[in-house]
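A.B. asks: The following block contains the structure, expressed as structure tokens.
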Amino acid sequence: MKPSGQIGDACCSFETIESLNVKLLPQLTDIVHSTFFKYYKVNLQKGCPFWPENMMCVQRDCAVEEVEDKNEIPDEWKTNSLSNVDFSNLDNGFVPFKKQCSDKDFCLPEDESSSEGVYVNLNKNPERFTGYTGESANRIWASIYKENCFNLVQNTPHKDFRQFLEEDTCKEKRVFYKLISGLHSSISTHICYEYLDQKTGIWYADLECFLNRVGQFPDRVQNMYFTYAVVLRAVKKLSPYLQSYNFCTGNSEETNRIEIVCELVKSVVTTSTSCPQTFDEHLMFTSPDSNGLMEQFKSSFRNISRIMDCVGCEKCRLWGKVQITGLGTALKVLFSYSDNTIDYRLTRNEIVALFNGFFRLSESLHAVNVFREMHKKLNHVSVNNTIKTPSTKSPQDIKLVENVKEPKTNNLQTPIGESQKDTNPKTTTPNDSTVELPFDLSNTWLSDPRNVWTFGLGALIMVFGFYRIIVKGWQMEKGSMEIPDRIDKSRKERGEKLSSENGNQESKKKSKSKRR
């Protein structure tokens, strides 16, 4: 279950990433809880540009809590103060300009200077299970994999998809797919790590959920490590720029806090620069047709950032935007800029998204280790007691390890579903008639055993009801159906009443004829 050796298309091993994450996770945790990095401006009211979508999620946990107290937000970040900012000194690092998509951008960034959108405290809107599944959620990932991954899914021949990626796909397209797959696996890991038992209301780490969606598929776990390595390389390359960046909070009383944030960022930068190179971006886009391939790369990623506006769950949409923007910022740093940081132009939102996205990847790797230990314990219990490993669907089935506590933070809330009958760690291969994605997106409400039981009971009741109707109809046709006494008495009374009325009418007619 634990990967080892060299990470494909990266310049480091799984063991290197594991050891680095042990150091970086506490540092990133402190960073994302600081004032500068916990507020993110986002427009959650954009319409879906690709298909009609109902954006009103009925799930309670889908709602996003906006920042209502304007005093929480520094004046320098607010729209009405941006016109007073001096843009002449670009060396201070703080660039709150009105952001439009440029040729250097890999995604459509949120415009912090726009009057549209709201500020959100990411710490108060943790990414975790919200119950957002079904057709809407599946449609998001289907459109990403089938339409925005260089048509790799449709063009896969009838053989193992992983083999197709490694042998018959160029490095650029393979890297793109691995990045999206790694992000998707990371999101699914968040959901399983902070899963809600809707019956008891208890949050817990669901091992069965993780195994079905990520754990039993080695390529998904490996792609998560690969995405981490790419983002880490971007942070390392950005380190000189970050060290001179003005982490403005607009409040003179927060000078100490700013210094703390600078120290936190410095600690992350120090850790990232001390490690060996994890990814070499110079090996990509070196072929004669690299310019056209780069434009395809950017266009596909920008399209994915627009698809985030089609996510039906508001909280999933928020974290989808944050993490896609973070990954897009990492790609922008790696492929749009040279090593000369004086040319770098990043908005506050991009830096916030980069570090929050990096933090989510870091937590995912930590969660993978937690699930790995849980799996070992369950296997140990199974071997010692010669019984089948108990299901972890309910938190009562297993005592979670010590670090599984009240939910910290957990998206794009679309879980990756994989058929529970398929226990072999393999990647499905699309065929020509019906395209099957490398990620099975068929996770619906029927995957919950409680819902299966309810559905089965309802089906039995319906079958019994139809049986009773057929039997009664047959008895009525044969005239053998017993009529209850109260109904028979009522019918007799109505018959006697009708007979008396008919008799009265006949007598009236006779009297009239006699008069004539």
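The values are calculated or read from the model by the stated rules, or taken from the named source; none is laboratory data. The model shown is predicted, which means the values in this text are computed figures rather than measured ones. Here the Cβ is made from the backbone with ideal geometry for all residues, glycine too, and neighbour counts use every protein chain on show. Accessible surface areas use protein heavy atoms only, side chains included; no ligands, DNA or RNA. Shrake-Rupley method; radii C 1.70, N 1.55, O 1.52, S 1.80 Å.
A.B. asks: Output the number of residues of region 98-117 satisfying the condition of being at pLDDT 85 or above and under 19 Å from the mean Cα position of the chain (by Cα).
C.D. replies: 1
A.B. asks: Let me ask something else. Which is open to solvent by less than 30 Å² (accessible area, probe 1.4 Å), modelled with pLDDT under 65 and either β-branched (Val, Ile, Thr) or touching a Pro at 6+ places or on another chain (Cβ under 9 Å) (or both), of Val58, Val64, Val95, Val120?
C.D. replies: Values: Val58 fails: open to solvent by less than 30 Å² (accessible area, probe 1.4 Å); Val64 fails: modelled with pLDDT under 65; Val120 fails: modelled with pLDDT under 65.
The unique qualifying residue is Val95.
A.B. asks: Let me ask something additional. Going through region 205-220 one residue at a time, which ones are outside any loop (DSSP other than H, G, I, E, B) and open to solvent by less than 10 Å² (accessible area, probe 1.4 Å)? Let's see the steps before the verdict.
C.D. replies: Filtering region 205-220 down to residues outside any loop (DSSP other than H, G, I, E, B) leaves 207-215, 218-220.
Within region 205-220, Leu207, Cys209, Phe210, Val214, Arg220 qualify.
A.B. asks: Please go through region 471-486 and give me each residue that is outside any loop (DSSP other than H, G, I, E, B) and either at pLDDT 70 or above or in contact with a Phe, Trp or Tyr (Cβ under 6 Å, 6 or more places away or on another chain) (or both), ordered by number. Show your work before the answer.
C.D. replies: Initially, region 471-486 is screened for residues outside any loop (DSSP other than H, G, I, E, B), giving 471-478, 485-486.
The answer is Val471, Lys472, Gly473, Trp474, Gln475, Met476, Glu477, Lys478.
A.B. asks: Given the conditions (1) more than 17 Å from Ala330 (Cα to Cα); (2) open to solvent by less than 20 Å² (accessible area, probe 1.4 Å), which single one is not true for Tyr225?
C.D. replies: If we test Tyr225 against (1) more than 17 Å from Ala330 (Cα to Cα); (2) open to solvent by less than 20 Å² (accessible area, probe 1.4 Å), just (1) comes out false.
A.B. asks: Only one of (1) of a type in the set (S, T, N, Q); (2) assigned to a loop (DSSP other than H, G, I, E, B); (3) modelled with pLDDT of 95 or more fails for Ser338. Which number is that?
C.D. replies: (3)
A.B. asks: Confirm whether Ser19 is surrounded by fewer than 16 Cβ atoms within 10 Å (Cβ to Cβ) and part of a helix (DSSP H, G or I).
C.D. replies: Working: surrounded by fewer than 16 Cβ atoms within 10 Å (Cβ to Cβ): yes; part of a helix (DSSP H, G or I): yes.
Taking the combined requirement at face value, the residue satisfies it.
A.B. asks: Just checking, how many residues over region 305-320 are touching an Asp or Glu at 6+ places or on another chain (Cβ under 8 Å) and open to solvent by 10 Å² or more (accessible area, probe 1.4 Å)?
C.D. replies: Adding up the residues that qualify gives 1.
A.B. asks: Continuing with this model, one more query. Pairs only if they're at least six apart or on different chains, beta carbon under 6 angstrom, first in region 234-252 and at pLDDT 85 or above, second open to solvent by 40 Å² or more (accessible area, probe 1.4 Å); list them, first residue then second.
C.D. replies: Every condition considered, the pairs that remain are Lys236/Thr273; Ser239/Thr273.
A.B. asks: Anything in region 269-293 that is open to solvent by less than 30 Å² (accessible area, probe 1.4 Å) and not in a loop (DSSP other than H, G, I, E, B)? List them, or say none.
C.D. replies: Once the filter is applied, which keeps residues that are open to solvent by less than 30 Å² (accessible area, probe 1.4 Å) and not in a loop (DSSP other than H, G, I, E, B), region 269-293 yields Val269, Thr271, Ser272, Glu281, Ser290, Leu293.
Rundown of residues vs (1) at pLDDT below 90; (2) in contact with a Phe, Trp or Tyr (Cβ under 8 Å, 6 or more places away or on another chain); (3) of a type in the set (A, V, I, L, M, F, W, C); (4) open to solvent by less than 10 Å² (accessible area, probe 1.4 Å), yes/no style:
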residue: Asp160; (1), (2), (3), (4): yes, no, no, no
residue: Asp168; (1), (2), (3), (4): yes, no, no, no
residue: Lys171; (1), (2), (3), (4): yes, no, no, no
residue: Phe176; (1), (2), (3), (4): no, yes, yes, yes
residue: Ile180; (1), (2), (3), (4): no, yes, yes, yes
residue: Thr200; (1), (2), (3), (4): yes, no, no, no
residue: Trp203; (1), (2), (3), (4): no, yes, yes, no
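A.B. asks: Follow-up question, since we're still on this one. Would you say Phe36 is assigned to a loop (DSSP other than H, G, I, E, B) and touching a Cys at 6+ places or on another chain (Cβ under 9 Å)?
C.D. replies: Values: assigned to a loop (DSSP other than H, G, I, E, B): no; touching a Cys at 6+ places or on another chain (Cβ under 9 Å): yes.
Taking the combined requirement at face value, the residue does not satisfy it.
A.B. asks: Also, I was wondering about something else. Considering only residues of region 326-346 that are among the hydroxyl-bearing types (Ser, Thr, Tyr) and open to solvent by 10 Å² or more (accessible area, probe 1.4 Å), which is nearest to Glu110 (Cα to Cα)?
C.D. replies: Here is the first cut: in region 326-346, the residues among the hydroxyl-bearing types (Ser, Thr, Tyr) are 329, 336-338, 341, 344.
So of that shortlist, the ones also open to solvent by 10 Å² or more (accessible area, probe 1.4 Å) come out as 336-338, 341.
Details: Ser336: 19, Tyr337: 20, Ser338: 24, Thr341: 22 Å.
Out of the qualifying residues, it is Ser336.
A.B. asks: Exactly one of (1) over 28 Å from Gly292 (Cβ atoms); (2) open to solvent by 20 Å² or more (accessible area, probe 1.4 Å); (3) touching an Asp or Glu at 6+ places or on another chain (Cβ under 7 Å); (4) at pLDDT 75 or above is unmet by Phe129. Its number?
C.D. replies: (2)
A.B. asks: Can you name the residue in region 68-92 that is part of a loop (DSSP other than H, G, I, E, B) and within 17 Å of Tyr39 (Cα to Cα) and, of all such residues, is modelled with the lowest pLDDT? First the steps, then the outcome.
C.D. replies: First pass over region 68-92, keeping only residues part of a loop (DSSP other than H, G, I, E, B): 68-69, 73-74, 78, 83-89.
In the following step, the residues that additionally are within 17 Å of Tyr39 (Cα to Cα) were identified as 68-69, 73-74, 78.
Working: Glu68: 83, Asp69: 81, Ile73: 80, Pro74: 77, Lys78: 66.
Step by step, filter region 68-92, then rank; the result is Lys78.
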